[in-house]
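Working notes, beginning with the structure itself.
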Amino acid sequence: MASTPVNRPRTRIHVVSDVHGNARDLARAGDGADALICLGDLVLFLDYADHARGIFPDLFGVENADRIVELRTARRFEEARAFGARLWAGIGTDRAAAIEKAVRRQYAEMFAAFPEPTYATYGNVDMPTLWPEYAGPGTTVLDGERVEIGGRVFGFVGGGLRTPMRTPYEISDEEYAAKIEAVGEVDVLCTHIPPEVPELVYDTVARRFERGSLALLDAIRRTRPRYALFGHVHQPLVRRMRVGATECVNVGHFAGSGRPWVLEW
């Protein structure tokens, strides 16, 4: 007599990255999923597509935002820093306090939009020291740590590597590699930045190579997770490719698309 097939419940995970202030779509990002994963960059400091949005234009106006985007896009980073320094000198307030106040407003909105459960790690523009104040009981923050979801082990490593942009959560290559090592072998490796593969780190709109991680690439080759998920590069040359046995996926620029990437098994 033939046995009756067992209908096993499926697990559905939605993954977002580079939210950059899109609280409206974030509130719906977990619809139909067993859990939401967020790979960071909740803060919107400056929207390169709409220079009127973000902390920078709120403080200094759209014309100044236009100018700093022009300088950064041209990779004139020293001029951009000098221009920014003049603006801060003219505003007559403490830079760190002004930024933190604005970030707190955004975090209050972003974290309130997270569904339960959410598993999140930091992006390079995030401020990790503030997250414990806003992450509710349904949000698990992970960095250099592992968690089991639906029978699979997920590893999380947040932040970015040091660049001329000097964003808030950039760390040394050595510190980043140590966090990758701490995660070890997992089924799904979740990071904010991609592995150092030219096709995955090149932004076709900004026309530059972003920083990826060689330590992450090495870990993917050695430990062979099923998936390596990341964001950071908003308009990558390639969104998805295999590295050995691993499917490497840029889950998308959520601020622009408003749509999560779906993983189901």
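The values are calculated or read from the model by the stated rules, or taken from the named source; none is laboratory data. Treat the numbers as computed from the prediction; the structure is a model and nothing was measured. Please note: Cβ atoms are built from the backbone with ideal geometry, for glycine as well, and neighbour counts cover all protein chains shown. Note: areas computed on protein heavy atoms with side chains; ligands, DNA, RNA excluded. Shrake-Rupley method; radii C 1.70, N 1.55, O 1.52, S 1.80 Å.
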Using the structure shown, decide if residue 47 is among the charged types (D, E, K, R), open to solvent by less than 40 Å² (accessible area, probe 1.4 Å) and on the phi < 0 side of the Ramachandran plot. yes
For residue 163, are the conditions met, namely being in contact (Cβ under 8 Å) with a residue 12 or more places away in the chain, surrounded by fewer than 16 Cβ atoms within 10 Å (Cβ to Cβ), out of contact with any Phe, Trp or Tyr (no Cβ under 7 Å at 6 or more places or on another chain) and of a type in the set (Val, Ile, Thr)? yes
When the range 59-82 is checked residue by residue, the ones that are assigned to a helix (DSSP H, G or I), free of Cβ contacts under 8 Å to residues at least 24 places away in the same chain and open to solvent by less than 30 Å² (accessible area, probe 1.4 Å) are 65, 68, 69, 71, 80
What are the residues in the range 25-57 that are at pLDDT 95 or above and part of a helix (DSSP H, G or I), if any? 25, 26
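Between 205, 233, which is part of a loop (DSSP other than H, G, I, E, B) and at pLDDT below 95?
Criteria check complete, one pass: 205.
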Does residue 221 satisfy being of a type in the set (D, E, K, R), under 15 Å from residue 17 (Cβ atoms) and either assigned to a loop (DSSP other than H, G, I, E, B) or open to solvent by 50 Å² or more (accessible area, probe 1.4 Å) (or both)? no
If I go through the range 121-132 residue by residue, how many of them are under 15 Å from residue 22 (Cβ atoms) and not charged (D, E, K, R)? 2
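Open to solvent by 30 Å² or more (accessible area, probe 1.4 Å) and either hydrophobic (A, V, I, L, M, F, W, C) or under 20 Å from the mean Cα position of the chain (by Cα) (or both) - does that describe any residue in the range 34-42?
No, the range 34-42 contains no residue that is open to solvent by 30 Å² or more (accessible area, probe 1.4 Å) and either hydrophobic (A, V, I, L, M, F, W, C) or under 20 Å from the mean Cα position of the chain (by Cα) (or both).
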So which residues in the range 166-195 are open to solvent by 60 Å² or more (accessible area, probe 1.4 Å) and either farther than 24 Å from residue 245 by Cα or within 16 Å of the chain's Cα centre (by Cα) (or both), if there are any at all? 166, 168, 173, 174, 175
